[in-house]
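K.L.:
Pasting a structure here, questions to come.
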Amino acid sequence: MLRSVKGLKDILPQQASQWQHIEMVARTMATQYGFSEIRIPIFEFTELYSRSIGGTTDIVEKEMYTFPDRDGSSLTLRPEGTAGVVRAVLEHKLLDSPTARKLFYLGPMFRHERPQAGRYRQFHQFGVEALGTDDPLIDVEVIVLLWQFFLTLGLMDLTLHVNSIGTPDDREVYIQKLKEFLEPRLNILCGNCQRRYLTNPLRILDCKVPVCQKSTEGAPTLINYLSDKSKTHFQAVLDGLSALEIPYSINHRLVRGLDYYSRTTFEITSPHLGAQSTIGAGGRYDGLFHALQGPPTPAIGFAVGLERVTLLLSEEISSKKVPLFFVAGFGVIGKPQAFKLLHELRQAGIRADTDHKGKTLKALLRSADKLRAEYAIILGDDEVNSENAILRNMQTKAQEIVKLKEIIQRIQTGY
RNA sequence: GUGGGUGUAGCUCAGUUGGUUAGAGCGCCGGGUUGUGGUCCCGGAGGUCGCGGGUUCGAAACCCGUCACUCACCCCA
């Protein structure tokens with residue numbers, strides 16, 4: 001049997017209403033906060049991602065779906081949204097906005113990872129980007145939008161972690177100090193961390209191996225090595241969150257994985273998801289525009305993993321109930337007449353359906369029941385001969401005989 | 001890329017120390033009601049026991065291999 005590709009999932013009709021609900025909340029809230037939707041391509045030139053995300057990150061090194069175009073140029077399915085948004089903003093010169101340029105997107109991303117709970121090879125993100133200002137209040141706005149988005153969906157027990165990882169200059173000083181601290185303990189760290197010591201020492205801070213966690217206790221914290229400017233910015237963000245009574249916890253071990261992040265970083269976790277507990281995360285990326293040969297432009301954004309959100313939502317999302325009228329037509333003249341009536345009902349804007357397989361009235365009513373129709377319209381040869389139809393309320397079993405010609409009017413006025 | 005767990009009907013799962021025709025519940029189809037659904041009663045369809053090889057008189061079960069799914073590491077949303 002033909003199967004879907006590993007790590008890809010079908011969203012079946014049962015679940016689709018849940019997705020529609022999440023997407024509706026995302027669009028509504030982003031719009032309320034002053035963000036406009038942008039729709040960017042699913043693939044870009046590979047160079048865009050290798051230059052923005054960082055050449056030594058796992059995403060670029062081994063997780064991208066990269067393939068040659070027919071002319072030989074290298075293309076990549078987007079592994080995240082920020083790079084494409086920034087590219088589009090630069091290409092279409094969207095930065096001359098008097099205020100910050102605030103954009104949001106919604107759609108699939110692709111990373112070739114080993115699938116597991118809450119992690120897929122094609123997954124969906126809702127993300128926002130606020131471009132062109134480094135006022136700490138825009139940081140607050142973005143974080144609050146993320147927080148409120150989850151609250152609006154009804155998610156429980158969430159934790160907002162915030163941190164500042166400083167500017168690249170700040171980090172250089174700090175990493176030096178961190179390495180000095182770790183050097184005497186290097187031989188007791190896990191194998192991964194020994195490697196990280198050389199490639200990305202910051203990551204050792206959020207290693208889950210107990211030995212490593214213990215070894216980094218008492219390590220110098222990045223906060224103490226921030227420049228005055230970064231420190232002031234971070235404090236202003238915290239004050240802004242407090243003023244709006246958004247609960248947060250400062251997490252000095254919170255390090256973002258993509259190279260373009262700087263200063264404010266944040267993520268929201270849930271304790272109900274197993275290993276992949278982060279449902280939304282983001283941060284400031286003041287250096288990204290420059291890396292993509294644009295004018296220096298401060299920016300901040302977040303991305304939400306929508307599959308993880310669906311795992312936290314209860315199954316049932318009650319969609320608005322539009323009553324369904326089931327046309328039960330049978331018999332030599334009843335069936336064709338019923339098909340015509342079905343067409344007329346739909347043209348009148350009435351939600352209507354039938355079951356072409358059902359031959360007997362019994363089978364038809366059973367189908368009506370399975371489709372959870374509110375009403376059945378029974379139309380057999382007898383009814384057609386007398387130019388009537390029977391309108392049956394499936395819940396109360398109440399039936400009334402209605403003139404065929406008047407049935408649409410009867411439905412539109414009475415129900 | 002590394003490690004663990006699991007593969008039996010459309011779905012969820014039983015299946016005894018290896019034993020003869022592989023089961024249940026739900027779902028599906030039909031009958032009980034020649035033109036009235038859900039509940040109830042009765043019946044039916046549906047299976048290469050993931051796949052390949054081996055051990056054995058005999059394998060869904062034991063062994064080896066392989067594939068798939070899944071969880072975790074890694075990484076990240």
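The values are calculated or read from the model by the stated rules, or taken from the named source; none is laboratory data. Remember, it's a predicted structure, so these values are computed and weren't measured experimentally. Because the Cβ atoms are built from the backbone with ideal geometry, glycine has one as well, and the counts that use them run over all protein chains shown. Areas reflect the complete protein model, heavy atoms only, side chains present, ligands, DNA and RNA absent. Shrake-Rupley method; radii C 1.70, N 1.55, O 1.52, S 1.80 Å.
K.L.:
Mind computing the radius of gyration and Dmax over the alpha-carbon atoms of the range A:161-216? Å is fine for both.
P.N.:
11.3, 31
K.L.:
Testing the spin-label approximation: label points 7 Å from Cα along Cα→Cβ at residue A:221 and residue A:117. State their distance in nm.
P.N.:
3.1 nm
K.L.:
Sticking with this structure for a sec: Based on the Cα gyration tensor of the range A:36-76, what are the three equivalent ellipsoid semi-axes, each the root of five times an eigenvalue, rounded to whole Å and given largest first? Each step should come with its number before you reach the end.
P.N.:
Numbers: eigenvalues 64, 54, 14 Å².
Three semi-axes, in Å: 18, 16, 8.
K.L.:
So for the pair residue A:27, residue A:173, with labels modelled 7 Å out along Cα→Cβ, what separation do we get in nm?
P.N.:
Output for this residue pair reads 4.8 nm.
K.L.:
Largest first and in whole Å, give the semi-axes of chain A's equivalent ellipsoid, each being the square root of 5 times a Cα gyration tensor eigenvalue.
P.N.:
Numbers: eigenvalues 626, 100, 94 Å².
One finds semi-axes of 56, 22, 22 Å for chain A.
K.L.:
Let me ask something else about it. Can you give me the long-range amide H partners of residue A:263? Hydrogens built in the peptide plane at 1.01 Å from N, cutoff under 5 Å, separation of 5 or more residues or another chain.
P.N.:
Residues meeting the amide H criterion: A:165, A:166, A:167.
K.L.:
Mind grabbing the base-10 log of I(q)/I(0) for the range A:325-409 at q = 0.11, 0.16, 0.21, 0.25 Å⁻¹? Debye formula, identical points on the C-alpha positions, no solvent, two decimal places.
P.N.:
The Debye formula, applied to the Cα set alone, gives -0.23, -0.51, -0.93, -1.36.
K.L.:
Taking R0 as 35 Å, what's the FRET efficiency between residue A:73 and residue A:206 from their Cβ-Cβ distance, rounded to 0.05?
P.N.:
0.45
K.L.:
Can you work out the FRET efficiency for the pair residue A:214 and residue A:396, with r the C-beta to C-beta distance and R0 = 56 Å, to the nearest 0.05? Kindly include the intermediate steps, with their values, before the conclusion.
P.N.:
Working: r = 68 Å, r/R0 = 1.22.
Efficiency for this residue pair is about 0.25.
K.L.:
Suppose only helical runs count, i.e. DSSP H with n ≥ 4. What mean residue ellipticity at 222 nm does that imply for chain A under -39500 (n - 2.57) per run, divided by all residues and rounded to the nearest 500 deg cm²/dmol?
P.N.:
On the way: 14 runs with 149 residues, N = 415.
Per the formula, -11000 deg cm²/dmol.
K.L.:
Quick check: convex hull over the Cα atoms of the range A:269-415, volume per residue in Å³, rounded to an integer? Mind dumping the intermediate values first?
P.N.:
Values: hull volume 33.2 nm³, N = 147.
It comes to 226 Å³ per residue, whole-number rounded.
K.L.:
Considering Cα pairs under 8 angstrom that are at least six residues apart, work out the relative contact order of chain A and quote it in whole percent. Mind dumping the intermediate values first?
P.N.:
Working: 691 pairs, mean separation 61.2, N = 415.
After rounding, I find 15 percent.
K.L.:
Rounded to the nearest 10 Å², what accessible area does residue A:256 show when all protein chains are kept and the probe is 1.4 Å?
P.N.:
50 Å²
K.L.:
Relative to the first principal axis of the alpha-carbon coordinates of chain A, what is the inclination of helix A:168-182, with its axis defined by its Cα atoms, in degrees from 0 to 90 and to the nearest 10?
P.N.:
Between helix and principal axis, roughly 70 degrees.
K.L.:
Mind listing the phi-derived Karplus ³J(HN,Hα) values for the range A:131-145, rounded to whole Hz, using 6.51, -1.76 and 1.60 with θ = phi - 60°, and x for any glycine or proline?
P.N.:
Using θ = phi - 60°, the values come out as 10, x, 8, 10, 4, x, 5, 6, 4, 4, 4, 5, 5, 5, 4 Hz.
K.L.:
Treating only the Cβ atoms of Lys and Arg (+1) and Asp and Glu (-1) as charged, compute the dipole magnitude of chain A about its Cα centre; round to the nearest 20 debye. Each step should come with its number before you reach the end.
P.N.:
On the way: 50 positive and 47 negative charges, 267 e Å.
That gives a dipole near 1280 debye.
K.L.:
Here is a follow-up. What residues have an amide H closer than 5 Å to that of residue A:109, excluding those fewer than 5 places away on the same chain, when H is modeled at 1.01 Å from N in the peptide plane?
P.N.:
Amide H to amide H, under 5 Å and 5 or more residues apart or across chains, residue A:109 pairs with A:123, A:124, A:125.
K.L.:
Please list the non-local residues whose amide H lies under 5 Å from the amide H of residue A:388, H modeled 1.01 Å from N, same-chain partners needing a gap of 5 or more.
P.N.:
HN-HN under 5 Å from residue A:388: A:404.
K.L.:
Here is a further query. Taking the Cα centre as origin and putting +1 on Lys and Arg beta-carbons and -1 on Asp and Glu beta-carbons, what dipole magnitude results for the range A:17-108, to the nearest 20 debye?
P.N.:
Charge dipole of the range A:17-108: 300 debye, to the nearest 20.
K.L.:
Okay, moving on. How high is the FRET efficiency from residue A:332 to residue A:3, r the C-beta distance, R0 41 Å, rounded to 0.05? List each step's numbers first, then the result.
P.N.:
Numbers: r = 45 Å, r/R0 = 1.09.
Once rounded, the FRET efficiency stands at 0.35.
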